[in-house]
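> Supplied in structure tokens, the structure appears directly below.
The values are calculated or read from the model by the stated rules, or taken from the named source; none is laboratory data. Since the structure is predicted, the reported quantities are computational estimates derived from the model, not experimental observations. Positions of Cβ are generated from backbone atoms using ideal geometry, with glycine treated the same way; all protein chains shown enter the neighbour counts.
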Amino acid sequence: MAIRDSKAGDSKTGSITRNFSIEELQDAANLMRGYNLVALCAAGSGHAGGTLSIMDITAALYLRAADHDPKNPAWADRDRIIWSAGHKAPALYMGLGIAGFCDIQDPVTLRKLGSPFQGHPHWLKLPGIEVSSGSLGQGLSIAVGMALAARIDGKQHKIFCLMGDGEQQEGQVWEAAMEAGHFPLDNIVAVVDCNRLQIDGWVKDVMQVEPLDAKYSSFGWEVLRIDGNDMHQVVDAFEKARAVKGKPVVILADTIKGKGVSFMENQAGWHGKTPNREELDAALEELGLAARIPVAQLLENAQNFQTEASRKLEAKMPRFSRDYWWNSGETMKAKMEPTRKGFGQSLGQCGDDERVVCLGLDISGSITISEFYAGKPERAKRWISMGIAEQSATAAAAGMAREGKLPVLGSYATFSAARNLDQIRVSICYANLNVLIAGAHAGVSVGADGATHQALEDLFAMQGLPNMSVVVPCDAVETRKATSYLVLEHQGPKYIRFAREATPIVTDGSTPFVFGQANVIRLRTEAAQFADAFETRLAADYENESEDLSIVAIGPMVPEAMRAAWILKQEFGYETRVLNMHTLKPIDTEAVIRAARETGVVVTAEEHQIGALAWRVSSILTESPELYGLPVITGAIGVKDRFGESGAPWELVKELEVSAEHIAQKAAALIALKKKCIAEEHLTVA
Ligand SMILES: Cc1ncc(C[n+]2csc(CCOP(=O)(O)OP(=O)(O)O)c2C)c(N)n1
């Protein structure tokens, strides 16, 4: 890019140039908007609205306001730029591209498996990214830490922190604001992208945060309020902010969400949406960039990157004599539906009970909690929008439960069951209150959002809490049944975990769902429809068929375990007992003991760090007198102590080694071991 080559700073000579004219910055912002939309179109998921609103600020920051050196990203005296609003990552990547940390064309691999351009920024993946972010409300605290470190070291650099206005609903922002005012940290310049929209709608309706000027002022900050899409005002504000002494500065930038593309402007629907090719062309036309950006070439680059990622992934997969992947053959066709749908369907029904109250955490449509009130205005007063404030909402739910209500709250599992862990522990579990927490979009199924949004640890904490019950249903039908049971019948703290991506439907209305009791699933025959190939019984009613092995599975791993049973039968002639352990806590101890005693091989399968299920099952196996002296061979399938990353959900099932193929491979190895042990035993005896 000519723009960066001519004017990049140089940390060695100390000549940090800031001579981009307003017109050049406006042009850069426009170009960045265009490349941003191409990357989003190629990714097929991501955030158009908020990346467009903040683009003028990004251009001014990376090309003029901040001191940095793309040739020396770790330069100790550089200004730090923190993207607290991690979902606006593509705008950050545009900033890095326009400044020369990378080529502005490179982010077209956004959100693809193996790309450094993760759905949310990860500083270990790309030079120029200062911190890893994606969980809203944490950036300003990181800024406080960096500012204090700079003060200790006698450094003069600034710490810029970019946030959203919806993000101001997180209580942690105000703890950090108080700290910055208290110390007082005049090396912090915060920017709030006040585009007035968040996911569930207008910020003022979801949870009012204004007047932000008065709030920050009262915490001891210097406040500058500007039009954040006016380059003159943006540049001017950054210059003024640099000069302020004795207090931190916040720039409240009034912007337009979707700025620059008429059909995206001020539309809540464009928050987490990407343009298709037609919309992209229309947008680039409007931005006057149709002839300036090589769209076809960029999309081809993205496609080539994807092809290579897929090739590498397939090369790592266990191989069998044929392809058993979902719906790849003429038989065993599976109907797919997201489990989250069952959650919404249940709330739509059981919400008639006047005690049920649902709390919104600004992700209502996507996790389907909105079904509680959709088309039912009479329930409006029992729908409480709490904003992006998981911790307070959790304790508020406890308060409602104490007053006899049946509160339900949910968000991405990592925000509804980790961000607020102490509130769950003390206010809900210790108090033993009737609150249902939904861990939505759990596991790898949230895909391209990347590691920050993939809850792979939530079950450790949830099942570790005294009084807490934990249910992990296997499909949308079971999610509906489980939700209804938990909301209306179950007493005490309860956690339900479900996924985002469509997964196979393997149960129906007549399949038993008894809280605390596992189901046994047996492959009977290969059938046209996958679900018809299996028979399901309550474990307690099941008679031993002396199968070769058992697979104990939870959630979306149940269909994978069923598919593994099919692979094991076809490839090796092995019979498998699949246990659908939908209730993780209290676990069906008897079903596990029987599986171990009657089959001798137990494999656990969880779409989670190995242990939530595996260690619970292991403790049954080691602590049950019924099994003392009996040989039981065990194996565990799950995520192996690593974070996830961006990628398509089904790619991640392969990448994180939680597919049926991985289960079958492990099971076959264990059965071979069992046979060898038996054979050697015979030899010894002989
Ligand atoms: C702790 C946390 N809760 C929820 C989310 C999901 N989430 C991503 S973006 C977003 C809305 C952000 O709104 P705002 O800060 O106004 O950003 P903008 O509208 O500018 O995109 C939410 C709720 C998250 N990333 N982190």
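> What number of residues within the stretch 635-651 satisfy the criterion of being in contact with a strand residue (DSSP E or B) (Cβ under 7 Å, 6 or more places away or on another chain) and surrounded by fewer than 17 Cβ atoms within 10 Å (Cβ to Cβ)?
Selection size over the stretch 635-651: 1.
> Also, I was wondering about something else. Can you confirm whether Ser427 is modelled with pLDDT of 95 or more and within 16 Å of the ligand (Cβ to nearest atom)?
No, not satisfied.
> Ser366 passes all but one of (1) among the hydroxyl-bearing types (Ser, Thr, Tyr); (2) surrounded by fewer than 22 Cβ atoms within 10 Å (Cβ to Cβ); (3) more than 16 Å from the ligand (Cβ to nearest atom); which number fails?
(3)
> Taking His490 as meeting all but one of (1) farther than 22 Å from Ser392 by Cα; (2) part of a helix (DSSP H, G or I); (3) free of Cβ contacts under 8 Å to residues at least 60 places away in the same chain, write down the number of the exception.
For His490, the failing item is (2).
> Residue under question is Ala89, and the condition is that it be away from the ligand (no atom under 13 Å from the Cβ) and aliphatic (A, V, I, L, M); does it hold?
no
> Sticking with this structure for a sec: When residues of the stretch 236-286 are filtered for being away from the ligand (no atom under 16 Å from the Cβ) and of a type in the set (A, V, I, L, M, F, W, C), how many remain?
Selection size over the stretch 236-286: 11.
> Hey, another quick one. Determine whether Ala74 is farther than 23 Å from Ala42 by Cβ, of a type in the set (Gly, Ala, Ser) and away from the ligand (no atom under 15 Å from the Cβ).
yes
> Same structure again: Filter the stretch 12-61 down to residues that are outside any helix (DSSP H, G or I) and of a type in the set (S, T, N, Q) and give me whichever is surrounded by the most Cβ atoms within 10 Å (Cβ to Cβ).
Among residues in the stretch 12-61 that are outside any helix (DSSP H, G or I) and of a type in the set (S, T, N, Q), the one surrounded by the most Cβ atoms within 10 Å (Cβ to Cβ) is Ser45.
> Being aliphatic (A, V, I, L, M), out of contact with any Pro (no Cβ under 9 Å at 6 or more places or on another chain), at pLDDT below 95 and more than 30 Å from Leu40 (Cα to Cα) is the requirement here; does Leu683 meet it?
Yes, satisfied.
> Within the set of pairs 6+ apart or on separate chains, which have a first residue in the stretch 544-563 that is at positive phi, a second that is polar (S, T, N, Q), and C-beta atoms under 9 Å apart?
Here the result reads Ser546/Thr599; Gly555/Thr339; Gly555/Thr503, each pair linking the stretch 544-563 to a residue that is polar (S, T, N, Q).
> Identify all residues within the stretch 341-363 that are crowded, with 22+ Cβ neighbours inside 10 Å, in contact with a strand residue (DSSP E or B) (Cβ under 8 Å, 6 or more places away or on another chain) and in a helix (DSSP H, G or I); write none if there are none.
Hits for the stretch 341-363 are Phe343, Leu347.
> Next up: For Ser45, indicate whether it is touching a strand residue (DSSP E or B) at 6+ places or on another chain (Cβ under 7 Å) and within 16 Å of the ligand (Cβ to nearest atom).
Considered against the rule, which asks whether it is touching a strand residue (DSSP E or B) at 6+ places or on another chain (Cβ under 7 Å) and within 16 Å of the ligand (Cβ to nearest atom), Ser45 comes out as no.
> Ok, one more. Please count how many residues of the stretch 128-146 are more than 26 Å from Ala413 (Cβ to Cβ) and surrounded by fewer than 24 Cβ atoms within 10 Å (Cβ to Cβ).
5
> I'd like to verify a number: residues in the stretch 280-323 that are surrounded by fewer than 16 Cβ atoms within 10 Å (Cβ to Cβ) and among the β-branched types (Val, Ile, Thr), how many?
Selection size over the stretch 280-323: 1.
> Filter the stretch 382-417 down to residues that are in a helix (DSSP H, G or I), within 11 Å of the ligand (Cβ to nearest atom) and hydroxyl-bearing (Ser, Thr, Tyr) and give me whichever is surrounded by the fewest Cβ atoms within 10 Å (Cβ to Cβ).
Going through the qualifying residues, I end up with Thr414.
> Same structure, new question: Across the stretch 235-254, what is the number of residues that are hydrophobic (A, V, I, L, M, F, W, C), in contact (Cβ under 8 Å) with a residue 12 or more places away in the chain and more than 16 Å from Ala143 (Cα to Cα)?
Qualifying residue count, the stretch 235-254: 6.
> Moving to a separate point now. Looking at Tyr412, Tyr430, which is the one that is out of contact with any helix residue (DSSP H, G or I) (no Cβ under 7 Å at 6 or more places or on another chain) and of a type in the set (Phe, Trp, Tyr)?
Tyr430
> Now a separate question. Under 8 Å between Cβ atoms, at least 6 apart or on separate chains: pull out the pairs that start in the stretch 297-325 with a residue that is farther than 30 Å from Ile104 by Cβ and end on any residue that is among the small types (Gly, Ala, Ser).
Met317/Ser659; Pro318/Ala664; Phe320/Ala664; Arg322/Gly329; Asp323/Gly329; Tyr324/Ala660
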